[in-house]
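The values are calculated or read from the model by the stated rules, or taken from the named source; none is laboratory data. Computed from a prediction, not measured in an experiment: that's the story for all the values here. Heads up, the Cβs are rebuilt from the backbone with ideal geometry, glycines too, and the neighbour counts pull from every protein chain shown. All accessible areas refer to the heavy atoms of the entire protein, side chains included, with ligands and DNA or RNA removed. Shrake-Rupley method; radii C 1.70, N 1.55, O 1.52, S 1.80 Å.
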Amino acid sequence: MGRLVVEVLEANDLMPKDGQGSASPFVEIEVDDQNQRTKTKVKDLNPSWNEKLLFKIDDLQDLSRTTIEVVIYNENTSHGHHNFLGRVRLSGLSVPRSESEAMVQRYPLEKRGIFSHIRGDIALRLYLADGKDEDEASSDQPESQKKEKTVKGVESRETPKQENVRKFDKKVQDDEFTDFTKQKIKKKKEKEIRTFYSVGSGGSTGPMPPMQKPVVLETKPQYIPPRPAPGPPMVMQTQFPMQKPEFGLVETRPPVAARMGYLGGDKMASTYDLVEKVHYLYVNVVKARDLPAMDITGSLDPYVEVKVGNYRGLTKHLEHNQDPTWNSVFAFSKERLQSNVIEVIVKAKDLGKDDFIGKVVFDVVEVPLRVPPDSPLAPQWYRLAGQGEIMLAVWLGTQADEAFPEAWHSDAHDINHHNLASTRSKVYFSPKLYYLRVHVIEAQDLVPSDKTRLPQPYVRIQLGHQIRVTRPSQTRNINAAWNEELMLVASEPFDDFLIVSVEDRGEGGREDNMGRTMIPVREIPPRVDSSKLPDPRWLNLQKPSHSVHEDGVKEVKFSSKIRLCLCLDVGYHVLDETTHFSSDFQPSSKYLRKPRIGILEVGILSAQNLLPMKSREGGSTDAYCVAKYGNKWVRTRTLLNTLSPKWNEQYTWEVYDPCTVITIGVFDNFHVNGNREDARDQKIGKYSKPLLPKMHYVQPISVRHIDWLRHQAMQIVAARLSRAEPPLRRETVEYMLDVDYHMWSLRRSKANFYRIISLLSGVSAIWKWLDGICNWRNPLTTCLVHVLFLILVCYPELILPTIFLYLCVIGLWNYQFRPRKPPHMDARISQAENVHPDELDEEFDTFPSSRPVDLIRMRYDRMRSVAGRVQTVLGDLATQAERALAILSWRDSRATAIFIIFALMWATLFYLTPFQVIAVLHGLYWLRHPKFRNKMPSVPVNFFKRLPSKSDMLIS
């Protein structure tokens, strides 16, 4: 007689079933006729139970014929029934006979029927214990004093699969523990808690093992290596038994500099040391040879299927090729391996069922471990169990592997090859941008088509999709003058032409081309010196039609001319971001740039509780992350059907200015399931004043032109990045560059209003303090202020030292309230925590709006209400300013005359009376006791409020 112990640890990435993008899961376990369940975790798709359930086993010999069923439900109290979230069925034959042999295993959740929508996995730990030991385990004595006893009289039996599992775990423990012992760990004794830091795993590399015969292994229950989850690192979990929380291993993350191995040094960090190291099983399918012909024509359409458990990756099928080359890499996450064998199967495409050619089987335990900077593993030829040979390379690596970005991932196993590229991680670079300055001076000998009237010529400048025009010339003859500067944005490589045309606006709005010229952008000189522009030059204007010789050369007998000054202003920085979120302030010319000051390393780890952007399967999201700093953009891989993605990717940028901002955004990929090309990736959220180059201050560009040029720069960057593969789409670039920052947002309006209130709160506090002193609320303080006031009046040279000393004291006092975190986007300050869902929907709406008419009408009325209050405040401010200006404007002749008389009297008084006397009298009058104060407004206040303003001239 004994007891079966089932430890329910945690589950990961469960399907949301409550209709709100979440679930409240609990676990129910059935063994024979015994049922037990865990507690319910409310609104948690990644629950952690850490509960131990006990089941009575009468006959241990019958355990091998017992089925252990573990089912996860979503607790639904409103409908009276629970939603099915997945189940796992285990055989009692695989249960370890003692606690010391038990290990944490992760099991993928199975469906109950073909119509079930299930995902995720569950971590369990099972073992046998006799009744005496388990009674001791359930007592209150410390976990460290418990004794582990094996079941007496039961012989330990080890299946071939369990033996492979033991070998695999021993190898992982040896490799990881070897690296672990090399780390320098600072030990702390606090409540008997041992602290271990996460460390990477290392291992030896070597050539591929020789080809083995196909191995048939037991597959139930499938073993999956433990996933690095929150809590003790995997290397610790496999070496120490599970313990109570007060004696458990606590994982803490030391500072970044400590984990990188240098504090105060100048050592560069190694790749992927800021993120959790995730292991992947890589299979590189290179090519095949000597494949047999499978049809009567002697041709073959081969492809390769790589299968690990339920995950299946396919290469492209190559038509009529008996010696195909694929060069495809497949990556299977080690934490979700569902089998201990890798099957590489070569098939031939057919109209009906595909033909089998041959396969190779590998044991996961024998796969070598490769860690960069070790050289890549060389592929080898393997004989197919059929006919022909295939060249493969199989190894165990991490996300730092060179093959990781271009590999097929098991996370994207249910999408086809056409859409696979849209899920891969990629690095992009913005094109190099320049401001192109065109100074249009004059034109001569213009020939209008209508010679009966005086022309009104203007110049039209076009560069790509950018068009700028000058004002019409005021000379109105054949020699026109403009003397006007226009600016455009040019990008490398300079393949475009600058088209300059002179147009005449005729009667009825008809445009008449009086001549044009095309200038290659690469021939326009750069301007580095801000002191002068290049010399202007005369250019010939060609009419739209000319006589043509037989050899095809245009004959130009006479041409009009235009005088232009052209240059590429390489001293500016082309703004493509909003100034308050700018990540780069370097000028366009590389010769004017400052040297870099360091390296920015960013580890994109994970996200939690994302909004379900798609309605399929109860709400899901295919999330990827985009980070932008300088001209470098990075995009992580897309993780499918998860609201808590874990990317664990690391990127680096060169930093030239510390007063810059890195922008990080999360998006939902709408192109993974073959959606139309005009579909837009939905934005989920974004996390996010330095000195500009000298040219921005020597020859500043107007705000109106800056906004227009920034829009054009954004258009160029978006067009260039959308041509990459996978494309960084226009909606992503626009969101990262804040192209819609000027659009109306009720949330931003509230945030800016509260910013103003917080700024004025200090002034308000000072005013209340002064009002309390004037009203003698604290007589002692008021007397001290009188003394300080008289001292400053008698010794005015102490005023400025006193002010700066006070500022110094305030700064020292505020040191204890200094920020403890780096600058980041604050959800509370941004009013994102209290925002109404309709306000968010309005903010994320397209322009023009795509919402129903009734909803737009409601939002328009709400905007009118808010704008009406703002309008009232602005009107009051304008009224007060106009009253101040009306004092000397003779709008009210009596008020102006009275003010002039009093101004002359005060001028005489101030001239004849020492300043200290006037200051003392004014200060004592201002600090007078409340007994000498009147509640009614003073004469100057009444006089000011009666001054006229323009508010009575407005049409109401």
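The table for this structure:
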quantity: Residue-span extension gain [T782 to F943] - 0.36 nm each, minus C-alpha spacing; calculated: 55.0 nm
quantity: Whole-Hz ³J(HN,Hα) from phi, Karplus 6.51 cos²θ - 1.76 cosθ + 1.60, for region 484-497, glycine and proline x; calculated: 10, 9, 10, 10, 9, 10, 10, 9, 7, x, 7, 9, 7, 10
quantity: Approximate spin-label separation R37-M863, in nm, with each point projected 7 Å along Cα-to-Cβ; calculated: 5.0 nm
quantity: Under 5 Å, built H, 5+ apart or other chain: amide partners of Y656; calculated: I597
quantity: Order of exposure, largest accessible area first, which applies to E276, E725, E842 with probe 1.4 Å; calculated: E725, E276, E842
quantity: Which of H922, H929 is most accessible, then next, and so on - probe 1.4 Å; calculated: H922, H929
quantity: Among 909-918, 635-644, 81-90, the order from most to least packed when residues are scored by Cβ within 10 Å on average; calculated: 635-644, 81-90, 909-918
quantity: L800 accessible area, assembled protein chains, probe 1.4 Å, Å²; calculated: 110 Å²
quantity: Stretch gain in nm, segment L605-E402, where the contour uses 0.36 nm per residue and the Cα spacing is subtracted; calculated: 71.2 nm
quantity: Solvent exposure, largest accessible area first (probe 1.4 Å, DNA, RNA and ligands not counted), of E389, E507; calculated: E507, E389
quantity: Whether region 440-487 is rounded, prolate or oblate, judged on the alpha carbon gyration tensor where a/c under 1.5 counts as rounded; calculated: prolate
quantity: Label point distance in nm, S531-F902, each placed 7 Å from Cα along Cα→Cβ; calculated: 5.7 nm
quantity: Between region 723-771 and region 311-332, the alpha-carbon center distance in angstrom; calculated: 50 Å
quantity: Label point distance in nm, S375-T578, each placed 7 Å from Cα along Cα→Cβ; calculated: 5.3 nm
quantity: Whole-Hz ³J(HN,Hα) from phi, Karplus 6.51 cos²θ - 1.76 cosθ + 1.60, for region 356-367, glycine and proline x; calculated: 8, 9, x, 8, 10, 10, 10, 8, 4, 4, 8, 6
quantity: L592/E485 FRET efficiency (R0 22 Å; Cβ-Cβ; nearest 0.05); calculated: 0.50
quantity: Packing-based ranking, highest mean first, of 36-42, 940-946, 562-568, 390-396 given that Cβ atoms within 10 Å are counted; calculated: 390-396, 562-568, 36-42, 940-946
